[in-house]
C-alpha cells in the first residue's frame, strides 16, 4: 500500500554505485540544458526569471519520491507556461506581486486537483482529450508562443487578447524596434537552428561518439547565453536599448504557503483543471513512450499523484505550474539516467546555480531567451499529423481545426474546451445515425455480410438487419424508422432477424423502441427474432418482460436464425420461393 | 414541395360530409373540456385567465394548416406552463404588463427556434432527451405543479425558488388559510378524482355507450366550474375570502407583434429552447402513439414546423407557449376526430366562449382551477416507469434520479440539463471502458463466442479478442492495456486476432493505439490480425498506411482467421500443441 503511493521504496532498494554514476552524468547534462530553459519559460509565463529556477528544484525532488517513470523530468514547459500567462493575465497585471501570487496559487490548486484525481483513479478522464485535439492544441499554442516572443526579439511591446489583435499591434509598433536587440535575437535564433540541425553530425565527424554529440548539442543554448551576455557587456553604451534580465535574487526560495482566498480559488478552478489535465496528458505520453523503449511500466493513476505533488512542491517553493517535459526527459533518457534519483541530482545542480551563478546572468539579453523559446516551440508545430488526420477522418480533422482556431482566436482554455466538445458532439452525432446493413450469407460459409458489398445468398420472406451501433437514446427512434422502411419495401416479409453483433448495449429508451417495433411487426403478421445477442445484453433483457413478449426467438448465431426461417418457409403450404 | 410544408393540401382534397360531421362532434367535446383547462393553465403560468383562452384559438387554426397528425390537439399544457412561469418569473413580477409581454415573447422565440430546427431537419436532436430523463422530468414537474397549486386551494401565498423553500413557506403561512376556499378546493378535488375513476363506469351501467361515457366524464371539470361558481354566488358575504377569477376582458385578442429587445431575446434563448424541445418531445410522442393506432404516419420534421408556427400564432394573438397535449389529443381521438379540421372547429368554439361567456366566469373560484390542475398532473406521476428503469438499468435510473432531484431542487431548465448531461456522461463512461471478451469456436459451427460464457474450442498459440465497442479516443488507451494484459498472461501466444464485429468506427486516436499495439506485438514476435472488419471501417483504414504496416492479415471471418492460425501452427517445425 505504502509502496503503491511511494514507488521510491521499490527502486531505491536496488540502488547501487552503477546506477548512481549513470544518474549523476545524466543530471549534469540536464542541469546545463535546464538553466536557460527555466529562465525562458518564466519569461514566457510573465514571471521573474528566478521563479523558473525555483520551479526546477522542488518539483524534481518531489517527483523522485512519487514518480513511477524512471526517466521523466518535470519542470516548467512551454505550453503550461503559456496557459499560466493566459490564466493569470486575466486576474492580475504583469510584474505585480499579485501576478506572482496568482501563478503560485494556480500551481497549488492544479496540484491538489491532480492528486484528488489520482486517488479517485480518474486517470482515464485524460483520454477524453483525443489525439487530434491535443495535437491541434499544441500546434496552435506553439504558434501563439512563437509569435508572442517576437516582441522580445524586436524590443517592442505587443498587446492584444488574440492573434489578430497582436498582429495589428505588432505592425503598429514595428517602427520602434531596437536594432541591437533584433541583431542579438536573430543571431541566437540562427545559431540555435544551426546547432539543432548540424552540430551533432559535425561533432560526430570530429570523432565524438554519437550519443555524446547529441547531448553536447543540447548545450547550445548555454553557449548562446554566455556569448550574448558577453556581447552586451562588450557593446556597453551601444547596447543600452537591449532589454536584459537584470538583478536576480541570489539564494534559495524559502518554503511558504501561497495566499488563497475563496474568490481567487473559484476563478482559478477551471484554468487549474485545464493546465493540470493538459500537463498530465503530456507527462503520461512522454513517460509511456520512454518506458516502452526499456520495457518498463508506469502507473497512470500514480503519475497523477506524482505530478500533483510536484506542482504543490513548486507552489510551496514559490514556483509556477510544472509538467513532465518532452525534450528534457528525452535528454535525461539519452544521457543514461536509470532512476528518478537523477532528478534529485539535477535539482541540486540547479539549486547550486541559483545560489551562486545568478549574478552572471545580469546582462543576459531577454532576446536570447526569446530565441531559445521560439526554436523550442517551432518543433512542436506538427503539420504532418494535421495532413494525416485530414486524410483519415474528416470529423477528427474538424475537431482538430476547431481546437486550432479556438485556441488562436479565443484563447488556450476555450480552445481546448471547444476541441473536447466538438470531438464528443461528432462522436454522438455519428452514433445517432448508425450504419444499418441488410445482410445475407456468404455462399459456402456460416458468415453473414452486407448485401451491398458482398456476393451473398438471402432467404425469401426473411429480412436480416444488422445495426452497427449500440442502441441508446439518440438512435432509438432511428432504429424504428430503419426497420419500418426496410419492412415496407417488401410485402412478402414474414420474419425479421435483428443481427446484434455490433450491439453492445441497449438502454431503456431503445428497449421501448424495440418493444414498439415488436408490437408493430406483430400487428403486420411479421415475427421479430434476434441473433448473436451478446451475453451482457441478453442478461439485461432477461430482467424485464421483453423476451416473453417477443414474437420470435433468440438465436445463438445468424446462421441458426437463417436455418430456422428456411425450415419454417418449407413448413408453410405455399412456398413463397420467388 | 408546397404539400410537404402544407399537409392540409393533401388531406383537404379528400374532405367530405362524413369527416366533417365526425370532426364537428369531436370538436364540441374537446371545446367543453378545454375551457376550464385553458383558464387553469394560464393560472399555473401566472397569467390572466383570458391568455389561456387566447392560446387555445390561433394555435389550433395554425396547426390545421401545418400539422401532419390527424388527431393532435395543441394548446397550453401543464409542463410548458410551469416552465413558462419559471422562465418569466426570473425576469418580471407576476401581474405586471412586463410579465405578460415576456411570456408572449417566449412563445414567439420558441416558435421561431422550432421552425428553424424543422427547416434544418434537426428533429433527431430531440432524441437526446432520453425516455428516462423525460419521464423523470415530467414526474418532478407534476410534483412541483401540484404542490404549487396548494396555495390556491388554501388561499395563502407561497414563495420560494425550490421545493424546500416552498414547503417551509407553506408551513409558516398555513395559519392564514381561508376555510371556505379550502372547502371548495377539496370538494372539487374529491369530485374530480371520483369522476375520473367512477363516472364513466357509472354512465355505462346506466346504458350510455362506453366511448360516449368516456367523453362525457371528461366534462366533469365543467360541472365543477359551474357548481363552484354558483356556490360562491350563493354564499355571498360568507365567501368574501375566496379568491375568484374576476373580470375577464370580453372579445377576441387583436393580432399584434410582441415587443422584442435584444437583451430580452438573449435572456430568453435558453428557456425558449428548453420549452420548445420539451414541448416537441411531448407533441411527437402523443402524435406518434395516436398515428400508430390508425396506421397513419407523421413527419417529425414537419411537426417541428407546425408546432413552431402554432407558437408564433399564439404569440401574435397574445397567448403563451403551447404544446401538443396528451389528454386533449386522446379525447379528440376517442371522440372520433378524423382530420386537423377538428382543431379549427374547436378554435371556433373557444373563440365563441371567449367572446360571449367570460362574464359568467367572474365568480369562478381559483381553488376550482387549482383542483383541476392537481388532478390533471397527478396522473403524470409515473412510479411504474421509475421502478421499471431501476430494474432494467441502474445508469438510466441514475440519469432519471438526477433529473428528478435537479428539477425539484434547482428548477425545471437546470433539471433537464442535468438529465441530458448525466445520460451522455454515463453513456460515454460506458464506452470508455468497453466489454472485452476472449472468444473461441462453438464446436461444430463457425461461430465464435466468449470463452467465459460458452463451451468453446480455442487454438493453441492464438489469442482471439473481441472488443465490444467502437474504438475512439476515450477507450483507445484502454484497448492497449487490455491487449497487453491478455498477451502477457500466456507466453506461448504467437498470433493475436482482433475480432471486429462490434467495432463500428476507428478514430484517429484509436488508429494510433492500434499502430502502437501492432508495433509492440511485432517486437515480441507476435502477429496481429483483424477479422470481420466492417466495410466502412476497412474503407477508412485503407486510406492510411496501417494495413501495409500490419504484421498480420485481414480475414473476412473469424473462422478463416482461426483456420489460418491452425495451418501456420502445423507448418512450424515444433508444433506447440499442448
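Each value in this text was obtained by applying a stated rule to the coordinates, not by laboratory testing. Because the structure is predicted, anything quoted here is derived from the model rather than measured. Don't worry about glycine lacking a Cβ; one is built from the backbone with ideal geometry, like all the others, and counts go over all protein chains shown.
General observations
- Model label zone, residue A:223; criterion: amide N under 20 Å from point 7 Å along Cα-to-beta-carbon; scope the range A:39-53: A:40
- Taking the number of Cβ atoms within 10 Å of each Cβ as an exposure proxy, the fewest-first ranking of A:50, B:446, B:282 is B:446, B:282, A:50.
- Summary of packing: across the peptides A:30-39, B:548-557, B:217-226, the per-residue average of other C-beta atoms within 10 Å ranks them, highest first, as A:30-39, B:217-226, B:548-557.
- Legend: translational diffusion of the range B:1-86 by Stokes-Einstein, Rh = Kirkwood radius over C-alpha pairs, 37 °C, 0.692 mPa s; D = 229 µm²/s.
- Each copy carries a label point for residue A:254 at 7 Å from Cα toward Cβ; from one copy, the others' points are 8.0 nm away, ordered from shortest.
- Distances between copies at residue A:116, taken between label points 7 Å from Cα along the C-beta direction, are 3.7 nm in increasing order.
- Counting Cβ atoms of other protein chains within 10 Å of each residue's Cβ and taking the mean over peptide B:496-508 gives 6.
- With Cα atoms, 0 to 90° folded angle of helix B:17-44 axis to chain B main axis: 80
- Contact order relative to length of chain B, as percent, for alpha carbon pairs under 8 angstrom and 6 or more apart: 22
- Estimated FRET transfer efficiency when R0 is 56 angstrom, pair residue A:379-residue B:209 (beta carbons, to 0.05): 0.10
- Packing-based order for A:316-325, A:120-129, B:140-149, using average beta carbon neighbours within 10 Å, highest first: A:316-325, B:140-149, A:120-129
- For q = 0.19, 0.21 Å⁻¹, Debye-computed log10 I/I(0) when each Cα of the range B:454-562 counts as one equal scatterer: -0.98, -1.22
- Averaged over the residues of peptide B:57-70, the number of Cβ atoms from other protein chains lying within 10 Å of each residue's Cβ is 0.
- In chain B, the DSSP beta bridges split such that about 45 percent are antiparallel, to the nearest 5.
- Only Cα sites of the range A:288-363 enter the Debye sum here, all with the same form factor; the resulting log10 I(q)/I(0) across q = 0.13 1/Å is -0.52, listed in q order.
- For the protein assembly as shown, share of DSSP beta bridges that run antiparallel, in % to the nearest 5: 45
- Most simply put, the range A:391-542 has about 40% antiparallel DSSP beta bridges, counting only bridges with both residues inside it.
- Residue A:235-residue A:355 pseudo-label distance in nm [points 7 Å out on the Cα-to-Cβ vector]: 3.5
- Cβ-vector label at 7 Å, residue A:524, separations to other copies in nm: 5.0
- Largest first, the three principal axis extents of the alpha carbons in the protein assembly as shown are 112, 78, 56 Å in whole numbers.
- Per-residue average of Cβ from other chains inside 10 Å of B:470-480: 5
- Segment residue A:162-residue A:428, extension gain: residue separation times 0.36 nm, minus the distance between their alpha carbons: 92.7 nm
- Angle in degrees between helix A:131-154 and the longest Cα principal axis of chain A, rounded to the nearest 10: 20
- Spin-label model, residue B:173 to residue A:25: label points 7 Å out along the Cα-to-beta-carbon direction sit 8.3 nm apart.
- Counting all C-alpha pairs of the range A:137-184, share separated by more than 16 Å (%): 37
- The residue B:190 and residue A:481 beta-carbon pair, evaluated with R₀ = 56 Å, returns a calculated FRET efficiency of approximately 0.80.
- In a fully extended conformation the segment linking residue A:13 and residue A:362 would gain 121.3 nm over its present Cα-Cα distance, using 0.36 nm per residue.
- Neighbour counts of C-beta atoms inside 10 Å place A:421, B:113 in the sequence A:421, B:113, starting with the fewest.
- Counting neighbouring Cβ atoms within 10 Å and putting the fewest first, the residues A:545, B:468 line up as A:545, B:468.
- Chain A - Rg (one decimal) and Dmax (whole number), Cα, Å: 30.9, 110
- Acute angle (nearest 10 degrees) that the helix A:262-293 long axis makes with the longest principal axis of chain A, alpha-carbon atoms: 80
- In this simple spin-label model, placing a label point 7 Å from the Cα along the Cα-to-Cβ direction at both residue A:453 and residue A:545 gives a separation of 4.0 nm.
- From the largest down, the range A:245-310 spans 43, 34, 22 angstrom on the principal axes of its Cα atoms.
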